[in-house]
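I have placed the structure first, in the form of structure tokens, so that the comments after it can refer back to it.
The values are calculated or read from the model by the stated rules, or taken from the named source; none is laboratory data. Please read all numbers here as calculations on a predicted model, not as lab measurements. With ideal geometry, Cβ positions are generated from the backbone for all residues, glycine too; neighbour counts draw on all protein chains shown.
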Amino acid sequence: MSPTEAEREIAKELEADERLMWSGAPREGVVLRRGDIVLIPFSVLWGGFAIFWEATVLRSGAPLFFALWGIPFVLVGLYLIFGRFFVDAKSRARTAYGVTDRRIVVVAGLRSRSVRSLPLSAVPEIVLDEMADGSGTITFGPSHPMTRWAGGAGWPGARRSVGISFDMIPRAREVYGRIRDAQGEEAGRAT
């Protein structure tokens with residue numbers, strides 16, 4: 001999603017007197033995440049064994065039950081090896097992030113449009129995970145380390161369990177600073 005498209009998506013969700021301070025989108029395309037150091041070997045082992053099982057069953061002329069039994073395992077293996085990268089890429093391509101003077105907004109969804117927001121005053125913790133190139137992920141509120149490590153990379157429904165985050169955004173430290181500034185402005189208005 002281009003920056004202009006992201007801004008348009010977030011603008012649809014603004015209240016009448018709400019001011020957009022930043023909008024953006026995650027990095028597009030197929031990417032590797034930290035968790036892939038474990039997930040790739042696991043997926044190759046799973047998928048390889050499932051394909052070996054299915055091929056052996058089909059060649060041996062085993063009963064139909066055994067041939068059918070292996071199909072879900074082969075499908076899961078193929079998803080783990082290849083499919084999850086494309087689901088993750090498509091999901092990120094349909095995601096927009098925004099910071100307003102009042103809240104954090106995430107618009108996403110593969111099959112349907114989902115809007116999640118969090119008032120700036122309700123954010124108990126902000127975690128910045130920054131890469132060497134300046135891109136990174138900002139997570140709002142506490143999250144389980146394993147969830148952040150895998151990042152919900154293409155696992156169906158995983159984004160809902162991660163909590164609200166700005167995943168793989170450019171200039172993450174700059175956005176982090178804008179969020180802190182917005183929190184300060186909101187705290188000033190509340191007093």
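Suppose we keep only residues that are among the β-branched types (V, I, T) and touching an Asp or Glu at 6+ places or on another chain (Cβ under 7 Å) within the stretch 86-116. Which one would you say is nearest to M1 (Cα to Cα)? Once the filter is applied, the top-ranked residue is V107. Within the stretch 18-32, does at least one residue satisfy the condition of being in a helix (DSSP H, G or I) and either out of contact with any Ser or Thr (no Cβ under 7 Å at 6 or more places or on another chain) or not assigned by TED's automatic domain parsing to the domain that holds G109 (or both)? No, there is no match, as no residue in the stretch 18-32 is in a helix (DSSP H, G or I) and either out of contact with any Ser or Thr (no Cβ under 7 Å at 6 or more places or on another chain) or not assigned by TED's automatic domain parsing to the domain that holds G109 (or both). Taking the numbered list (1) under 20 Å from F166 (Cβ atoms); (2) surrounded by 12 or more Cβ atoms within 10 Å (Cβ to Cβ) in turn, G48 passes all entries but (1). Is there a residue being closer than 30 Å to K12 by Cα, among the β-branched types (V, I, T) and in contact with a Gly (Cβ under 8 Å, 6 or more places away or on another chain) anywhere in the stretch 68-89? Within the stretch 68-89 (the criterion being closer than 30 Å to K12 by Cα, among the β-branched types (V, I, T) and in contact with a Gly (Cβ under 8 Å, 6 or more places away or on another chain)), the answer is yes, since at least one residue qualifies.
Only one entry of G47, G61, G70 meets the criterion of being under 23 Å from A89 (Cα atoms) and not acidic (D, E), and that entry is G47. The set of residues from the stretch 111-130 being out of contact with any Pro (no Cβ under 9 Å at 6 or more places or on another chain), in contact (Cβ under 8 Å) with a residue 12 or more places away in the chain and either under 20 Å from E28 (Cα atoms) or among the β-branched types (V, I, T) (or both) comprises V115, V123, I126, L128, D129, E130. Hey, among the residues in the stretch 12-38 that are more than 16 Å from the chain's Cα centre (by Cα) and surrounded by 14 or more Cβ atoms within 10 Å (Cβ to Cβ), which one's nearest to R84 (Cα to Cα)? Among them, the one singled out is S23. Here is the figure for the stretch 106-127: residues that are more than 12 Å from I179 (Cα to Cα) and either β-branched (V, I, T) or part of a loop (DSSP other than H, G, I, E, B) (or both) total 9.
Listed here are the residues, each with its yes/no results for (1) modelled with pLDDT under 80; (2) over 16 Å from the mean Cα position of the chain (by Cα); (3) not assigned by TED's automatic domain parsing to the domain that holds E18.
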| site | (1), (2), (3) |
| --- | --- |
| G151 | yes, no, no |
| I169 | no, no, no |
| E174 | no, yes, no |
| R178 | no, yes, no |
